[in-house]
Amino acid sequence: MKQYNPGEVEKKWPSSAKASDGQAKNYTPNEIEPKWQERWADTKVTMIDRDDNAKEKFYILDMFPYPSGTGLHMGHTESYTASDVIYRYKKLQGFNVLHPQGFDAFGLPAENYAIKTGIHPAETTKENIANYIRQMQSLGFAYDFDQQAVTSDPEYYRWTQWIFGEFYKNGLVYKKTTKTNWCASCQTVIANEQVVDGDCDRCGTLIEQREVPSWFFKITDFAEELIAGLDKVDWPEYTKKNQRNWIGKSEGAEVDFRIADSEEKITVFTTRIDTLFSGTFLIFAPEHPLVEKITTLTQKEDVNVYVSASRLKTELERIENKGKTGVFTGAYAINPATEERIQIWIADFVLAGYGTGAVFADAHDERDFEMAKKYNIPLKVSIRPKEVDVWSRVEKLEECFSEDGSLVNSGKFDGLTSSEARPKIINWLAEKGMARRTVNYRLRDWSISRQRYWGCPIPIVYSPEGEAHLVPAEHLPWTLPTDVDFVPTGVSPLAKSAELKKRVEDIFGAGWTAEYDTMDTFVDSSWYFLRYPDAHNNEVFCSPARLAKWLPVDVYIGGAEHTYMHLLFARFFTKAMHRLGLVDFDEPFMKLRHQGMVLDKEGNKMSKSKGNVINPDDMVARFGADAVRTYMLFVAPLEDAVMWNEDNVVGIKRFLDKVWKLFAEKELADCGGGCEGVPKELPIMLHKTIKKVTGDMENFAFNTAISQMMIFVNEFSKHDKLPKAGMEKFLVLLAPFAPHITEEIWSEFLGHQESIFLQEWPKFKESMTKDEEVMMVVQVNGKVRDMLTVSADIAEEEAKKLALGSEKIAKYIEGKEIRKIIFVAGKLLNIVV
């Protein structure tokens, strides 16, 4: 592996830090940054040996971008800067760091642009990728683009198809015709996870429901593993909570209800069997197969109208069911707990795919209560709250009480708490053969069929008898044909390809046909992190040795908006591949961090329609890449929203100017065993800064790390003579954030003959980081009453003496008995009276 050596390129890049008269030049990012970017590219300083086992590995990964024609946006700039900072930090710590980048290149935007312009998506994608790479390099991001993964490259999607095949052979893929989400604008099916508030997440069009034959991944087979695996990973708690909620595990019981005057019975799922005695009606999903059988003639017309209307709604719209609409079937069921006849209704907030597609309804569920009030359905209560005033309103059916309480009107179970009653009622009904414990999940299988062109072809062919067969591995990649137009008609464009038809018949025989749907692009991104360690391997998707060395990913950075889609799907892929023995780990990303949204200076989301989008190219041209990088991580914690304000970017540029001047204008002394003229507080400040920045790096607290370095620079700027070794250590601390200026100072002012990124991360002495004096909080009964400046190592007896002698404390303890004193060394003393 080639190492960085300035001596090889010194003739090409003469020193720029000193002018011809020997005076230090001003800091000029537009000169320095291109120089170092070219030097890094020529010397391959960012490249690593993927098979080097001498160093401990570290895998830092970004969520790779879709290469749109608009180029990088400021959100990319923030998250990619964060990953670049971690990459450089871990490299300086001596790790062998994998920091790859690629492009999620299939998808509707490129296809829609092709429809508009007639230019093939492959061409625009290639141009856009080149622009993205240029922009990333202009920001100093240290990616090895020789090892990129591009999902539209046949040598990449060959392995997407191979993995599909492995899933298919092991029963994790199936095809069925079912009601699916249809976008009339995109002219394709989309997954539940891609519906946002009833609209397509791509184009905002209202989603329709259509019966479409589709291929599915059996993600539901992994529901329990997907929940359990969240306990293994260091992810934001709200992200883990949202995934758990999306998977939607519910533990409860299935209860059988007889249909009155019929031989039929209906099984319902409930998590609240303790409310069964107040069940006064059943609710079926509109598409439940029993609806047609049990509906009476008098109700047939109303039921048919309602069922037809529900077919037009998305699953999300039905769950929300803001008006709580429903219709009576005319039929009745028998409540197994009370033996009473109860009405059977249908309502579209009940889903056929959840539980059994039917629920019992009562006064202790908000939706049921609202619906019953609307349609004058009888209600009664069986759960009593503790509060007397609440019970008064609940008993009169003025208010819905949906929490646990104690049972009333429930026969032999009266007086039991909800938690006590649930298992007893299940057991009671189970003895009669009318109930059993069960678990349900909200998660649905993943529909991956798309009726569009620019995506990975599904490697399936059909025999003349219509039977599906997997395309054999020797014919992969099953390439995307090029002899089609892209105009969406609701029928997959691949059906128009003469080349694809001929290819299938040449290989498989007359009468054989291809699958014309392409895959959801989330399939492509569900495994890309496995390709980076071995991006050019033509034999396997990744060699076992490199999988074992590099995976799983140590740190993953990207937007929280991918919680229900990419992050969930990537976890499913990993668990499925683990089950099949293709990988030896079952979680892809051990640590996950989200970046916040980038807003304009008024706090508005950036969008082309608002005309407030900021182009990173413009900001780099005006302020320099180092200033842009540092600002993005300084202005707010990584996970918080960033307000882009050019006035504040100027402040960061001034900070970098100060850093430049420290090395250009101050005397840097070689201090060996001591340094005459260098104030003793400077080494203390250095060690405190090293400790603070190191700790903040580990916690992704980049903003406070930068703040500490600003304090360091302000303090050191007050002095004319500075310790050279200490200043070099500071420069290494700053290097991950501002790589160009630090390389320039390291090389040109300090005269070093190798890259600053080949140095070691500084270490601090703990003894040098302790304060001589601290502020001790003095409390009386837990309330702060005084703050005292004391020695950092003050003894407890001395601390008590000072606290009890305080005039501010005296008035709170005068005439009172001191029961005890709690002392926390160097921090707090609490007097309990």
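For the reader, a short list of remarks on this structure follows.
- Hey, residue 760 under 40 Å from the mean Cα position of the chain (by Cα), under 23 Å from residue 709 (Cβ atoms), touching a residue at least 40 places away in the same chain (Cβ under 8 Å) and surrounded by 23 or more Cβ atoms within 10 Å (Cβ to Cβ) or not: no
- Verdict on residue 648 being over 26 Å from the mean Cα position of the chain (by Cα) and among the polar types (S, T, N, Q): yes
- Residue match in segment 521-529 (condition: more than 18 Å from the chain's Cα centre (by Cα), open to solvent by less than 20 Å² (accessible area, probe 1.4 Å) and more than 26 Å from residue 180 (Cβ to Cβ)): no
- Residue match in segment 143-152 (condition: open to solvent by 60 Å² or more (accessible area, probe 1.4 Å) and closer than 23 Å to residue 488 by Cβ): no
- Counted residues, segment 242-262 - those being surrounded by 14 or more Cβ atoms within 10 Å (Cβ to Cβ), touching a strand residue (DSSP E or B) at 6+ places or on another chain (Cβ under 7 Å) and not small (Gly, Ala, Ser): 7
- Members of segment 263-278 that are over 18 Å from residue 385 (Cα atoms), in contact (Cβ under 8 Å) with a residue 40 or more places away in the chain and either over 36 Å from the mean Cα position of the chain (by Cα) or open to solvent by 20 Å² or more (accessible area, probe 1.4 Å) (or both): 266, 267
To keep it simple, each residue is scored yes or no on (1) touching a residue at least 12 places away in the same chain (Cβ under 8 Å); (2) closer than 18 Å to residue 522 by Cβ; (3) open to solvent by 40 Å² or more (accessible area, probe 1.4 Å); (4) part of a helix (DSSP H, G or I).
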position	(1), (2), (3), (4)
134	no, no, yes, yes
140	yes, no, no, no
168	yes, yes, yes, yes
182	yes, yes, no, no
189	yes, yes, no, no
216	yes, yes, no, no
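- Residue satisfying condition, being among the acidic types (Asp, Glu), assigned to a loop (DSSP other than H, G, I, E, B) and either over 19 Å from residue 561 (Cβ atoms) or under 22 Å from the mean Cα position of the chain (by Cα) (or both), within set 586, 618, 626: 586
- Taking segment 735-833 as the region of interest, the helices (runs of 4 or more DSSP H) fully inside it that hold 2 or more residues being modelled with pLDDT under 95 are 796-804, 807-813.
So that you can scan it fast, the table gives a plain yes or no per residue for (1) under 21 Å from residue 596 (Cα atoms); (2) part of a helix (DSSP H, G or I); (3) open to solvent by less than 30 Å² (accessible area, probe 1.4 Å); (4) among the hydroxyl-bearing types (Ser, Thr, Tyr):
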position	(1), (2), (3), (4)
54	no, no, no, no
79	yes, yes, yes, yes
83	yes, yes, yes, yes
105	no, no, yes, no
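- Selection count, segment 56-77, where residues are in a helix (DSSP H, G or I) and either of a type outside the set (Ser, Thr, Tyr) or farther than 24 Å from residue 703 by Cα (or both): 3
Each row is one residue, and each column tells you yes or no for (1) in contact with a Leu (Cβ under 9 Å, 6 or more places away or on another chain); (2) more than 30 Å from residue 183 (Cβ to Cβ).
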residue	(1), (2)
392	no, yes
405	no, yes
413	yes, yes
447	no, no
458	no, no
464	no, yes
492	no, no
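- Here residue 641 does not qualify as touching a Ser or Thr at 6+ places or on another chain (Cβ under 8 Å), closer than 30 Å to residue 523 by Cα and modelled with pLDDT under 95.
- Filtering 702, 716, 712 for residues that are of a type in the set (A, V, I, L, M, F, W, C), within 24 Å of residue 749 (Cβ to Cβ) and in contact (Cβ under 8 Å) with a residue 40 or more places away in the chain leaves a single hit, 716.
- Unique match (being touching a residue at least 24 places away in the same chain (Cβ under 8 Å), of a type in the set (A, V, I, L, M, F, W, C) and open to solvent by 70 Å² or more (accessible area, probe 1.4 Å)) among 735, 725, 825: 825
- For residue 310, the conditions (1) out of contact with any Lys or Arg (no Cβ under 9 Å at 6 or more places or on another chain); (2) closer than 28 Å to residue 210 by Cβ are fulfilled apart from (1).
- First in segment 426-448 and among the small types (Gly, Ala, Ser), second anywhere and part of a loop (DSSP other than H, G, I, E, B), Cβ under 7 Å, 6 or more apart: 447/191
- Filter result for residue 339 (part of a loop (DSSP other than H, G, I, E, B) and either out of contact with any Ser or Thr (no Cβ under 8 Å at 6 or more places or on another chain) or without any contact (Cβ under 8 Å) to a residue 12 or more places away in the chain (or both)): yes
- Applying the criterion of at least 1 residues that are open to solvent by less than 50 Å² (accessible area, probe 1.4 Å) and under 21 Å from residue 362 (Cβ atoms) to the strands (runs of 3 or more DSSP E) found wholly in segment 378-483 leaves 435-440.
A quick yes/no check of all residues on (1) closer than 16 Å to residue 745 by Cβ; (2) in contact (Cβ under 8 Å) with a residue 24 or more places away in the chain; (3) open to solvent by 10 Å² or more (accessible area, probe 1.4 Å):
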site	(1), (2), (3)
625	yes, yes, no
633	no, yes, no
650	no, yes, yes
667	yes, yes, yes
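- Residue count for segment 150-183, restricted to those that are under 24 Å from the mean Cα position of the chain (by Cα) and at pLDDT below 95: 1
- Filter result for residue 786 (open to solvent by 80 Å² or more (accessible area, probe 1.4 Å), among the acidic types (Asp, Glu) and under 51 Å from the mean Cα position of the chain (by Cα)): no
- Taken over segment 543-586, the criterion of being in contact (Cβ under 8 Å) with a residue 60 or more places away in the chain, open to solvent by less than 10 Å² (accessible area, probe 1.4 Å) and within 16 Å of residue 221 (Cα to Cα) is satisfied by 568, 569, 571, 572, 573, 575, 576, 577.
- The single condition from (1) assigned to a loop (DSSP other than H, G, I, E, B); (2) in contact (Cβ under 8 Å) with a residue 12 or more places away in the chain that residue 299 fails is (1).
- Scanning segment 789-800 for residues that are within 15 Å of residue 771 (Cα to Cα) and either open to solvent by 70 Å² or more (accessible area, probe 1.4 Å) or touching a Phe, Trp or Tyr at 6+ places or on another chain (Cβ under 6 Å) (or both) returns 789, 793.
- Flag for residue 540 being open to solvent by 10 Å² or more (accessible area, probe 1.4 Å), part of a loop (DSSP other than H, G, I, E, B), at pLDDT below 95 and not hydroxyl-bearing (Ser, Thr, Tyr): no
The values are calculated or read from the model by the stated rules, or taken from the named source; none is laboratory data. Every value quoted in this text rests on a predicted model; they were computed, and no experiment measured them. In this analysis, Cβ positions are derived from the backbone assuming ideal geometry, glycine residues included, and neighbour counts consider all displayed protein chains. For the accessible areas, the whole protein counts, side chains as well, though only heavy atoms, and no ligand, DNA or RNA atoms are used. Shrake-Rupley method; radii C 1.70, N 1.55, O 1.52, S 1.80 Å.
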